[in-house]
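The values are calculated or read from the model by the stated rules, or taken from the named source; none is laboratory data. As the structure is a prediction and not an experimental result, all values here were calculated from the model. Cβ coordinates were reconstructed from backbone atoms using ideal geometry, including for glycine residues, and neighbour counts include every protein chain displayed.
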Amino acid sequence: MRVGRDRMEPAADKTESGDRGAVEQRADAVEGCPPVVPRSEWGARPPRLSESMQVPAALAVIHHTAMPPGHTHPACCVQLRNIQRLHMDERGWNDIGYNFLIGPDGTVYEGRGWGVEGAHTRMFNNKALGIALMGCFTDSAPSLEALSSARRLLHCGVSLGYLLPAFTLKGHRDLGSTQCPGDKLHSSIRQWASYRP
Ligand SMILES: [Zn+2]
């Protein structure tokens with residue numbers, strides 16, 4: 001099995017300025033995978049605890065963050081730190097809840113990452129990959145860029161062996177009492193072949 005995590009770690013000499021070229025280069029090493037902005041680049045705190053989830057997972061769950069997204073890379077990084085603070089300090093979780101988050105321009109940000117149990121879907125965290133699109137999609141539609149990145153990331157998960165080729169995709173609301181991921185995002189993912197109600 002090819003494991004991409006090491007390749008997605010930042011180069012040791014990488015600076016805080018955030019070299020996006022380096023991100024592209026790392027991702028190119030993994031066929032079919034979108035570039036992923038590593039935790040170090042958005043200023044993540046270390047997790048309190050990191051536990052493995054069942055892989056390859058048979059289930060992936062789509063969420064929204066239900067807050068207005070940042071519209072630039074720096075603004076997204078600020079928001080990621082705020083979400084992590086909310087999840088760790090107010091909700092008492094071990095880390096930011098999701099495995100990955102996707103900005104409105106389609107940039108993929110590493111949350112807990114591949115193979116790590118998240119805190120996003122009650123009763124399913126140890127067996128489902130959790131991906132959040134940044135924004136609130138109750139009334140407004142997600143961008144095509146964000147949807148495209150989500151699909152690439154799911155495909156990548158299959159390529160890397162973290163998702164079963166025949167995985168099932170659901171929205172958070174399909175598994176619990178919540179509006180997440182919003183009507184508009186939910187109606188988008190319902191069109192995807194991997195979606196099952
Ligand atoms: Zn959710």
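Determine whether residue 22 is at pLDDT below 55 and either more than 28 Å from residue 89 (Cα to Cα) or touching a strand residue (DSSP E or B) at 6+ places or on another chain (Cβ under 9 Å) (or both). Answer is yes for this residue. Step by step: first the residues of region 158-183, then only those that are more than 11 Å from the ligand (Cβ to nearest atom) and in contact with a strand residue (DSSP E or B) (Cβ under 9 Å, 6 or more places away or on another chain), then the one that is nearest to residue 116 (Cα to Cα). Which residue is that? By that ranking, first place goes to 162. Taken together, the criteria place residue 83 among residues that are in a helix (DSSP H, G or I) and among the β-branched types (Val, Ile, Thr). Selection within region 67-84: residues that are in contact (Cβ under 8 Å) with a residue 60 or more places away in the chain and within 16 Å of the ligand (Cβ to nearest atom). The member of this set that is surrounded by the most Cβ atoms within 10 Å (Cβ to Cβ) is 69.
Examine region 142-151 for a residue that is more than 24 Å from residue 77 (Cβ to Cβ), of a type in the set (D, E, K, R), more than 14 Å from the ligand (Cβ to nearest atom) and in contact with an Asp or Glu (Cβ under 9 Å, 6 or more places away or on another chain), and state whether such a residue exists. No, because not a single residue in region 142-151 is more than 24 Å from residue 77 (Cβ to Cβ), of a type in the set (D, E, K, R), more than 14 Å from the ligand (Cβ to nearest atom) and in contact with an Asp or Glu (Cβ under 9 Å, 6 or more places away or on another chain). Only a single item in (1) of a type in the set (Ser, Thr, Tyr); (2) within 26 Å of residue 81 (Cβ to Cβ); (3) without any contact (Cβ under 8 Å) to a residue 40 or more places away in the chain; (4) surrounded by 16 or more Cβ atoms within 10 Å (Cβ to Cβ) is not met by residue 149, and it is number (3).
Out of everything in region 109-126 that is part of a loop (DSSP other than H, G, I, E, B) and touching an Asp or Glu at 6+ places or on another chain (Cβ under 9 Å), what residue ends up being surrounded by the most Cβ atoms within 10 Å (Cβ to Cβ)? Filtering first and then ranking leaves 118.
Scanning region 160-197 for residues that are buried (at least 17 other Cβ atoms within 10 Å of the Cβ) and part of a helix (DSSP H, G or I) yields 160, 172, 173, 174, 185, 186, 188, 189.
Scanning region 39-66 for residues being among the polar types (S, T, N, Q) and within 16 Å of the ligand (Cβ to nearest atom) gives a total of 1.
Out of region 85-106, which residues are polar (S, T, N, Q), surrounded by 21 or more Cβ atoms within 10 Å (Cβ to Cβ) and more than 16 Å from the ligand (Cβ to nearest atom)? Scanning region 85-106 gives no hits.
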